[in-house]
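So the structure is just underneath, and the comments pick up after that.
FYI, it's all coordinate maths here, none of it is from the lab. All values reported here derive from a predicted model rather than from experimental measurement. Neighbour counts are summed over all protein chains in view; Cβ atoms, including those assigned to glycine, are modelled from backbone coordinates with ideal geometry.
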Amino acid sequence: MKRILIIGCPGAGKTTLAFKLQEKLDVEIIHLDQAYWKANWTETPKEEWQKKVEQLIEKDQWIMDGNYGGTMDIRMERADTILFLDFSTLTCLYRVIKRTIQFKGQTRKDMGPDCPERFDFNFFHYVLMFRFLSRKSILQRLEKFKEKEIHVFNNSKSIDNYLQEI
């Protein structure tokens, strides 16, 4: 496990898992949200983002958390391990609401600079629709990479069991 990609719905626990893996493996974490978002929630232009991701995945070792469908295939190609957190919509929504309240007005350490936590209707809608709009595409993409070490987790207990095995 040299290059680990963690994907899944917001609120599934990608960042939490990344930190736990870093503790065990002592490998750099690359938070895609931190790399993508510029100050004040300014998006990175598409071509610049593509180049940035291409540079990030060239590193020898990493734990990378985040979705960003436009670059997912090249990240999956470079990863040797892919962890898909396939949690229920209710679990993810609950966690996102809890996180929004807990960190309101603060910039979390896995986010870009000056991107304080806030209520964002479009983001909540994305979480609500993730299973319907993104899950199928992710599962289809995973099918293309059967030679990789792939794990699909449906709950926190399965992740805890996985972490104990490492």
Could you list, in sequence order, all residues of the range 8-53 that are surrounded by 13 or more Cβ atoms within 10 Å (Cβ to Cβ) and of a type in the set (Val, Ile, Thr)? Thr15, Thr16, Val27, Ile29, Ile30, Thr44, Val53
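When only residues in the range 1-43 that are in a strand (DSSP E or B) and under 9 Å from the mean Cα position of the chain (by Cα) count, which is farthest from Arg108 (Cα to Cα)? Spell out the reasoning first.
Initial filter on the range 1-43 (in a strand (DSSP E or B)): 3-8, 29-31, 38, 42.
After this cut, where a residue has to be under 9 Å from the mean Cα position of the chain (by Cα) as well, the list is 5-8, 31.
Details: Leu5: 20, Ile6: 18, Ile7: 19, Gly8: 19, His31: 11 Å.
Checking each candidate, the answer is Leu5.
Determine which member of the set Tyr162, Tyr94 is more than 24 Å from Val27 (Cα to Cα) and in a helix (DSSP H, G or I).
Details: Tyr162 fails: more than 24 Å from Val27 (Cα to Cα).
Just a single option satisfies the conditions, and that option is Tyr94.
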Going residue by residue through the range 47-68, is there one that turns out to be part of a loop (DSSP other than H, G, I, E, B) and hydrophobic (A, V, I, L, M, F, W, C)? no
Among the candidates Thr91, Thr81, Thr71, residue that is over 16 Å from Gly11 (Cα atoms) and either out of contact with any Lys or Arg (no Cβ under 8 Å at 6 or more places or on another chain) or surrounded by 17 or more Cβ atoms within 10 Å (Cβ to Cβ) (or both): Thr71
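Being outside any loop (DSSP other than H, G, I, E, B) and surrounded by 14 or more Cβ atoms within 10 Å (Cβ to Cβ) is the filter here; which residues of the range 124-150 pass it?
Phe124, Tyr126, Val127, Leu128, Phe130, Arg131, Arg135, Ile138, Arg141, Leu142, Ile150
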